Amino acid sequence: MVIVVRLVVLAFFLRYRILHPVPDAIGLWLVSIICEIWFAISWILDQFPKWFPIDRETYLDRLSLRYEREGEPSLLSAVDLFVSTVDPLKEPPLVTANTVLSILAVDYPVDKVSCYVSDDGASMLTFEALSETAEFARKWVPFCKKFSIEPRAPEFYFSLKVDYLKDKVQPTFVQERRAMKREYEEFKVRINALVAKAMKVPAEGWIMKDGTPWPGNNTRDHPGMIQVFLGHSGGHDTEGNELPRLVYVSREKRPGFQHHKKAGAMNALIRVSAVLTNAPFMLNLDCDHYINNSKAIREAMCFLMDPQVGRKVCYVQFPQRFDGIDAHDRYANRNTVFFDINMKGLDGIQGPVYVGTGCVFRRQALYGYNPPKGPKRPKMVTCDCCPCFGRKKRKHAMPEGAGDVGMDSDKEVLMSQMNFEKRFGQSAAFVTSTLMEEGGVPPSSSPAALLKEAIHVISCGYEDKTDWGLELGWIYGSITEDILTGFKMHCRGWRSVYCMPKRAAFKGSAPINLSDRLNQVLRWALGSVEIFFSRHSPLLYGYKNGNLKWLERFAYINTTIYPFTSLPLLAYCTLPAVCLLTGKFIMPSISTFASLFFIALFMSIFATGILEMRWSGVSIEEWWRNEQFWVIGGVSAHLFAVVQGLLKVLAGIDTNFTVTSKATGDEDDEFAELYAFKWTTLLIPPTTLLIINIIGVVAGISDAINNGYQSWGPLFGKLFFAFWVIVHLYPFLKGLMGRQNRTPTIVVIWSVLLASIFSLLWVRIDPFIVKTKGPDVKQCGINC
């Protein structure tokens, strides 16, 4: 109701603004009108998908009652877990090891869990670190399960500043915990020794323990590598219990082939896991996102294995939560408005977007199959439980273009209707696995044959002339492949689910200093611009089947066009300074009746924000930080993303904005990274805006003092908008000052130079101000 009221008030406000121009500043008025109309459209695209927010609750005891009956084998579905890493010097092996350890210790039947680690950098350091991790897991996993500790990543468990004795009743706990902490510290020393050794690469390349050269010495030209560290036949902990499978994977790379970065690595993991274990569900995690809630997989299974609606769910997305962020979250790293408001709203339509990590997929959905068609309801008014109507034969998932043939119907007919090898690649074992909706591998397959086939499906030419990256798996074409992948599934008619357990399922690390945060936002925004100009643009794609709901489409459109809001935002943030420097105002004199619409507009804005915070649980500080960073990112990272995207699409120029470290923080300070400054071009536009508006405030107040009392009234309106800009950019200003409250000279020089040139031009030229023509002094003299 509030959204509708705000929409009506907004329409009246825009009508008034358009019908009441400002004659003596027509250019400024026109710019402000264009900006306000764009903001209104952007608000509609952002607000409408929030009409049906949903809070979900899971009942893990019911899941166990249904699928884990006492004395019987567990009927829970198997899960393949993917961890991706590239450069161990940028993504520390100890971080990856903690993620892997949290996976191996997860609260789920061990024979149903397989962990695949993708090393896209073919690093011997990652390989050896994973070998050490597998050995340490033999001690760590039984300790976690014996005492039910949380979280099950040792680095974060031992660093908890809480009473670790709470709820612990076993007499041996303290002694075993102390011993395990010592074991972990020794494990860390071994990992650190490997890292230190990897800093200096031998001239002849790395040599393995058996004396043979490491196959990945040339990271751009090496064969595919697979190593099973822990398997169902030989992986046991110190107490003799079976451990989950742990597999190292490095796909083949050769010059002249397109490898598609992370999306290509994830597709390689899909195929390897399909050949070796073929679990019907897959969970992907970044190497720095560990499992914080050991029951996270069970939470997802409550939806994916639900007998009523589970078969139509393509993935279950969990919110991203982070460690190591300062208490005030200066740069909105937690992103709680998106994860706790926007995603809940999408869950009430067709489901949340895929955000790249912390997501449990249905394997069949990633293979490009359509969701199953449910039985039609009886036409007469009755309850669905009446048995006399019988049941219609359910049509199972099917690939696009496969007509009305179901997966569980005649497989020969299905094979005759489409060329599976052309679609999935030249691997009979893999093609066979795609038809096994419940997962599993043929019992007659030998481990040696499966490993040979697994090496084949990660060869660099395997995807040539197939649908991989086009219709199957992670979709290629953008650096934000996650948005594209989820979008394709929703277009086929699948729905997704948002799961927010009370204890966060996963936690990761976030860049907390200003420059790294802006570059992260730049990458996301650039990916959105690439999608907007691609064939998968939500404006044009997916209308044929009509499976994507309109409000869901609005959300995807907003996801791809939000960087373009940077252009009107930059103009709008400049207007207050222009008005103060020129003495003009973009608003006409307002009548009492018109002022009611302005008051109603502000009231509706406050009402919308308050209601969102009430039903989402987001605090007002988090909401305000999000508003501030929307402006900061909008006038910096989003602006550069639009420019870079246009250059790439229109001119084929690929421009990279890199970050170079200029200072380091105190290693003993928990938040030293918050004060670290790294120079980047992204800092110039917001700094220039700050200086221009501060100059405008000084110039406006000086002018009002000189002109007397009557000039103070119009001044307050201009000052309000100028301070609005300055207050929104305040966290950015604090980030520039750093710990020592000193801004780097290069930023000051560039920003002052640009601000001075801009201010002088405006005062001198006044391009948007109507010029008044005075008398002709040549005809009547100077006193006429």
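Compute the Cα gyration tensor for the range 187-261, then decide on rounded, prolate or oblate, letting a ≥ b ≥ c be the square roots of its eigenvalues: rounded whenever a/c is under 1.5, prolate when a/b is larger than b/c in the other cases, and oblate in all that remain. Here the range 187-261 falls in the oblate category. If the segment from T172 to I34 were pulled out straight at 0.36 nm per residue, it would be longer than the present Cα-Cα gap by 42.7 nm. Remark: the A179-I605 segment gains 147.7 nm on full extension, using 0.36 nm per residue and subtracting the alpha carbon distance.
Suppose every K and R has +1 on its Cβ and every D and E has -1 on its Cβ; what is the size of the dipole of the range 225-264 about the Cα centre, in Debye to the nearest 20? Walk me through the numbers on the way to the answer.
Working: 6 positive and 4 negative charges, 114 e Å.
Taking the Cα centre of the range 225-264 as origin, the dipole is about 540 debye.
Solvent-accessible surface (1.4 Å probe) assigned to W38 amounts to roughly 90 Å². Distance between the 7 Å Cα→Cβ label points at I3 and I479: 3.2 nm.
Calculate what fraction, in whole %, of the accessible area of the range 242-351 sits on carbon and sulfur atoms when a 1.4 Å probe is rolled over the protein chains.
Working: 1400 of 2810 Å².
For the range 242-351, the apolar C and S fraction of the accessible surface comes to 50 percent.
Round to the nearest 0.05 the FRET efficiency obtained for E438 and T238 when R0 = 51 Å and r is the Cβ-Cβ distance. The pair E438/T238 has a calculated efficiency of 0.90.
Rounded to the nearest 0.05, what FRET efficiency is calculated for E621 and R254 with R0 set to 60 Å and r the Cβ-Cβ distance?
On the way: r = 52 Å, r/R0 = 0.86.
Between E621 and R254 the formula returns 0.70.
Here the accessible area is traced with a 1.4 Å probe on the protein chains. For the range 541-621, carbon and sulfur cover 70 percent of it. Residue ranking by accessible heavy-atom surface, 1.4 Å probe, largest first, among K145, K197 comes out as K197, K145.
If I stretch the segment between D55 and L733 completely, what's the gain in nm (0.36 nm per residue apart, minus their alpha carbon distance), one decimal?
Details: separation 678, 0.36 × 678 = 244.08 nm, distance 3.72 nm.
This chain segment gains 240.4 nm when fully extended.
In terms of distances greater than 23 angstrom between alpha carbons, the cross-link table entries K145/K344; K344/K734; K295/K344; K312/K502 yield K145/K344; K344/K734; K312/K502.
Rolling a 1.4 Å probe over the protein heavy atoms of the range 106-203, with every protein chain left in place, gives an accessible area that is 54 percent carbon and sulfur. Extending 7 Å from the Cα toward the beta-carbon at both R69 and A327 defines two label points whose distance is 5.4 nm. The heavy atoms of S74 offer some 30 square angstrom of accessible surface to a 1.4 angstrom probe. Among H289, H236, the order of accessible area from largest down is H236, H289, computed with a 1.4 Å probe on protein heavy atoms.
Using a 1.4 angstrom probe, figure out how much accessible area the range 115-231 has per residue, in square angstrom, rounded to the nearest whole. Please report the intermediate quantities before stating the final value.
Numbers: 6180 Å² over 117 residues.
In whole numbers, the range 115-231 has 53 Å² accessible per residue.
Note on D703: accessible area is roughly 70 Å² with a 1.4 Å probe, heavy atoms of protein only.
Volume per residue for the range 491-581 equals 184 cubic angstrom (convex hull of Cα atoms). Computed from the C-beta positions of T219 and R523 and an R0 of 25 Å, the FRET efficiency is 0.70 to the nearest 0.05.
The values are calculated or read from the model by the stated rules, or taken from the named source; none is laboratory data. The model shown is predicted, which means the values in this text are computed figures rather than measured ones. Don't worry about glycine lacking a Cβ; one is built from the backbone with ideal geometry, like all the others, and counts go over all protein chains shown. Remember, those area values only see protein heavy atoms, side chains included, never the ligands or the DNA or RNA. Shrake-Rupley method; radii C 1.70, N 1.55, O 1.52, S 1.80 Å.
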